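First comes the structure, then the notes that go with it.
The values are calculated or read from the model by the stated rules, or taken from the named source; none is laboratory data. Not measured: the values here are computed from a predicted model. Every residue, glycine among them, receives a Cβ derived from its backbone with ideal geometry; neighbour counts consider all protein chains shown. Accessible surface areas use protein heavy atoms only, side chains included; no ligands, DNA or RNA. Shrake-Rupley method; radii C 1.70, N 1.55, O 1.52, S 1.80 Å.
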Amino acid sequence: AQKITQTQPGMFVQEKEAVTLDCTYDTSDQSYGLFWYKQPSSGEMIFLIYQGSYDEQNATEGRYSLNFQKARKSANLVISASQLGDSAMYFCAMREGYADKLIFGTGTRLQVFP
Amino acid sequence: DSGVTQTPKHLITATGQRVTLRCSPRSGDLSVYWYQQSLDQGLQFLIQYYNGEERAKGNILERFSAQQFPDLHSELNLSSLELGDSALYFCASSADLTGGADGYTFGSGTRLTVV
């Protein structure tokens, strides 16, 4: 069963605007972790932000914030003040409980235009 | 530089051949994970090693095998290669078993093309 769902195959945003990338997840565990990764065209996977299921505050890292709505099982990534260098694929991922692997969504391709 | 080193960066080989992909984890990390990224399957977990021992297995074919050596580097062996094995293979490492807030550090990947 699909455990991480990213429903937006592609998104466009103008430079300096904010953009939200959607992610919903499915788990019966109480303890889990949610991650966002950026994959530019060069191919590497860059860790952006992490949210633990017991964290009461939404995670923030610079221009990245994670809008965590536990009851709705959503973990949307918000990028503020978009830059041209933000153009990339973005993947949402989840680690369940004490499981060791990350399960990835299908990704969202973000394109930032001037 | 993420600290996770993967070699080679690119590999082109023929069907039926065998290749070895190498990964050196970030200094101090005991866990190594292998992932396959293909256009049709997305990012798939293959296998995990922790301090030399196989820890978890995912969608890894029987033609594929891996190991982690005492110096903690890991190798992924792919044999009897088929066209469908063409993909980007990532290695990731984490300090412990659960890869917490620091996440899993990925290498830059090995792009395998089977012709």
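If you go through the range A:1-41 and pick out every residue that is among the hydroxyl-bearing types (Ser, Thr, Tyr), open to solvent by less than 80 Å² (accessible area, probe 1.4 Å) and farther than 18 Å from A:Asp86 by Cα, you end up with 6.
With the condition kept exactly as written, say whether any residue in the range B:48-64 is hydroxyl-bearing (Ser, Thr, Tyr) and away from chain A (no Cβ under 13 Å).
For the range B:48-64, residues hydroxyl-bearing (Ser, Thr, Tyr) and away from chain A (no Cβ under 13 Å): absent.
In this structure, does A:Leu102 turn out to be surrounded by 20 or more Cβ atoms within 10 Å (Cβ to Cβ) and within 14 Å of chain B (Cβ to nearest Cβ)? Taking the combined requirement at face value, the residue satisfies it.
Restricting attention to the range A:84-99, the residues being open to solvent by 50 Å² or more (accessible area, probe 1.4 Å) and at pLDDT below 95 number 1.
Criterion applied to B:Gly3, B:Gly52 was being on the phi > 0 side of the Ramachandran plot and in contact with a Leu (Cβ under 9 Å, 6 or more places away or on another chain), and the one residue passing it is B:Gly52. Could you please find all residues in the range B:85-106 being facing chain A (nearest Cβ under 9 Å), open to solvent by less than 40 Å² (accessible area, probe 1.4 Å) and at pLDDT below 95? Scanning the range B:85-106 gives B:Ala92, B:Ser94, B:Thr98, B:Gly99, B:Gly100, B:Gly103, B:Tyr104, B:Thr105, B:Phe106. Among the strands (runs of 3 or more DSSP E) confined to the range B:1-84, the ones with at least 3 residues that are open to solvent by less than 20 Å² (accessible area, probe 1.4 Å) are located at B:19-24, B:31-38, B:42-50, B:64-68, B:74-78.
Yes/no per residue for (1) in a strand (DSSP E or B); (2) surrounded by fewer than 19 Cβ atoms within 10 Å (Cβ to Cβ); (3) within 14 Å of chain B (Cβ to nearest Cβ):
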site: A:Leu48; (1), (2), (3): yes, no, yes
site: A:Gln51; (1), (2), (3): yes, no, yes
site: A:Tyr54; (1), (2), (3): no, yes, yes
site: A:Gln57; (1), (2), (3): no, yes, yes
site: A:Asn67; (1), (2), (3): yes, yes, no
site: A:Arg72; (1), (2), (3): no, yes, no
site: A:Val78; (1), (2), (3): yes, yes, no
site: A:Ser82; (1), (2), (3): no, no, no
